[in-house]
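Asks: Can you keep this structure in mind? I'll have questions shortly.
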Amino acid sequence: MDKQPLNRCVHIGEILSHLLRQHGRDSGKELTRIQELWDDTVGAGIACNARPVAYKKKLLYVSSDNSIWIQHLQFLKKDIIAGINHALGGEWVTDIKFRIGRMP
(Lines give C-alpha, C1' and ligand atoms only; values in the text may rest on other atoms or scores of the structure.)
Protein backbone atom coordinates (compact mmCIF):
# COMPACT_ATOMS: atom_id res chain seq x y z
CA MET A 1 0.00 0.00 0.00
CA ASP A 2 1.60 3.21 -1.15
CA LYS A 3 1.38 6.41 0.80
CA GLN A 4 -1.88 8.04 -0.20
CA PRO A 5 -3.14 11.56 0.37
CA LEU A 6 -5.04 11.79 3.66
CA ASN A 7 -8.24 12.88 1.94
CA ARG A 8 -8.48 9.68 -0.15
CA CYS A 9 -11.12 7.19 0.98
CA VAL A 10 -9.74 3.70 1.40
CA HIS A 11 -11.80 0.56 1.95
CA ILE A 12 -11.12 -1.01 5.34
CA GLY A 13 -10.46 -4.37 3.64
CA GLU A 14 -7.53 -2.87 1.75
CA ILE A 15 -6.04 -1.53 4.98
CA LEU A 16 -6.48 -4.80 6.86
CA SER A 17 -5.08 -6.86 4.01
CA HIS A 18 -2.01 -4.65 3.88
CA LEU A 19 -1.48 -4.85 7.64
CA LEU A 20 -1.87 -8.63 7.70
CA ARG A 21 0.63 -9.10 4.85
CA GLN A 22 3.04 -6.68 6.49
CA HIS A 23 2.96 -8.61 9.75
CA GLY A 24 3.14 -12.12 8.26
CA ARG A 25 -0.43 -13.15 8.99
CA ASP A 26 -1.60 -13.61 5.40
CA SER A 27 -0.31 -17.17 5.31
CA GLY A 28 -3.65 -18.98 5.16
CA LYS A 29 -3.83 -18.77 1.38
CA GLU A 30 -0.25 -19.96 1.00
CA LEU A 31 -0.80 -22.90 3.35
CA THR A 32 -3.90 -23.88 1.40
CA ARG A 33 -1.94 -23.85 -1.86
CA ILE A 34 0.82 -25.97 -0.31
CA GLN A 35 -1.73 -28.43 1.08
CA GLU A 36 -3.39 -28.72 -2.33
CA LEU A 37 -0.18 -29.72 -4.08
CA TRP A 38 1.34 -31.70 -1.20
CA ASP A 39 0.27 -35.20 -2.29
CA ASP A 40 1.50 -34.81 -5.86
CA THR A 41 4.72 -33.10 -4.79
CA VAL A 42 5.88 -35.48 -2.05
CA GLY A 43 4.26 -38.71 -3.23
CA ALA A 44 1.68 -41.01 -1.70
CA GLY A 45 3.98 -42.60 0.88
CA ILE A 46 4.92 -39.33 2.53
CA ALA A 47 1.47 -37.81 2.06
CA CYS A 48 -0.09 -40.66 4.05
CA ASN A 49 2.30 -40.08 6.93
CA ALA A 50 2.91 -36.32 7.05
CA ARG A 51 0.83 -33.20 6.36
CA PRO A 52 1.59 -29.47 6.24
CA VAL A 53 -0.21 -27.81 9.14
CA ALA A 54 1.13 -24.26 9.30
CA TYR A 55 3.10 -21.74 7.25
CA LYS A 56 4.69 -18.49 8.32
CA LYS A 57 7.39 -16.37 6.71
CA LYS A 58 8.61 -19.11 4.35
CA LEU A 59 8.73 -21.65 7.19
CA LEU A 60 6.52 -24.69 6.70
CA TYR A 61 5.41 -26.80 9.66
CA VAL A 62 4.72 -30.44 8.88
CA SER A 63 3.05 -32.81 11.30
CA SER A 64 3.33 -36.59 11.57
CA ASP A 65 2.07 -38.91 14.26
CA ASN A 66 5.16 -41.10 13.89
CA SER A 67 8.66 -40.13 15.08
CA ILE A 68 10.26 -42.56 12.63
CA TRP A 69 8.65 -40.69 9.75
CA ILE A 70 9.89 -37.38 11.14
CA GLN A 71 13.43 -38.74 11.20
CA HIS A 72 13.02 -39.97 7.61
CA LEU A 73 11.64 -36.61 6.49
CA GLN A 74 14.66 -34.80 7.92
CA PHE A 75 16.78 -36.54 5.30
CA LEU A 76 14.34 -35.52 2.55
CA LYS A 77 13.88 -31.91 3.67
CA LYS A 78 15.89 -30.28 0.86
CA ASP A 79 14.10 -32.33 -1.79
CA ILE A 80 10.68 -31.52 -0.33
CA ILE A 81 11.49 -27.80 -0.23
CA ALA A 82 12.73 -27.89 -3.82
CA GLY A 83 9.61 -29.78 -4.96
CA ILE A 84 7.21 -27.37 -3.29
CA ASN A 85 9.02 -24.31 -4.60
CA HIS A 86 9.14 -25.79 -8.10
CA ALA A 87 5.41 -26.58 -8.00
CA LEU A 88 4.60 -23.05 -6.81
CA GLY A 89 6.98 -21.35 -9.20
CA GLY A 90 9.03 -19.42 -6.66
CA GLU A 91 10.79 -19.50 -3.33
CA TRP A 92 7.84 -20.00 -0.99
CA VAL A 93 9.55 -22.32 1.49
CA THR A 94 13.08 -21.92 2.82
CA ASP A 95 12.82 -24.32 5.78
CA ILE A 96 10.58 -27.04 7.20
CA LYS A 97 10.03 -27.87 10.85
CA PHE A 98 8.73 -31.37 11.49
CA ARG A 99 6.76 -32.12 14.62
CA ILE A 100 4.82 -34.90 16.25
CA GLY A 101 1.11 -34.33 16.21
CA ARG A 102 -2.20 -35.41 14.85
CA MET A 103 -2.50 -35.14 11.13
CA PRO A 104 -5.49 -33.23 9.75
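The values are calculated or read from the model by the stated rules, or taken from the named source; none is laboratory data. Only a predicted model underlies this, so the values are computations on that prediction, with no experimental measurement involved. When we count neighbours, we look across all protein chains shown, and the Cβ atoms used for this are built from the backbone with ideal geometry, even at glycine.
Asks: Output the residue which, of all residues in the stretch 93-104 that are modelled with pLDDT under 95 and assigned to a loop (DSSP other than H, G, I, E, B), is surrounded by the most Cβ atoms within 10 Å (Cβ to Cβ).
Replies: So the residue we want is Met103.
Asks: For the stretch 34-49, which residues satisfy the criterion of being out of contact with any Pro (no Cβ under 8 Å at 6 or more places or on another chain) and touching a residue at least 12 places away in the same chain (Cβ under 8 Å)?
Replies: Once the filter is applied, which keeps residues that are out of contact with any Pro (no Cβ under 8 Å at 6 or more places or on another chain) and touching a residue at least 12 places away in the same chain (Cβ under 8 Å), the stretch 34-49 yields Leu37, Asp40, Thr41, Val42, Ile46, Asn49.
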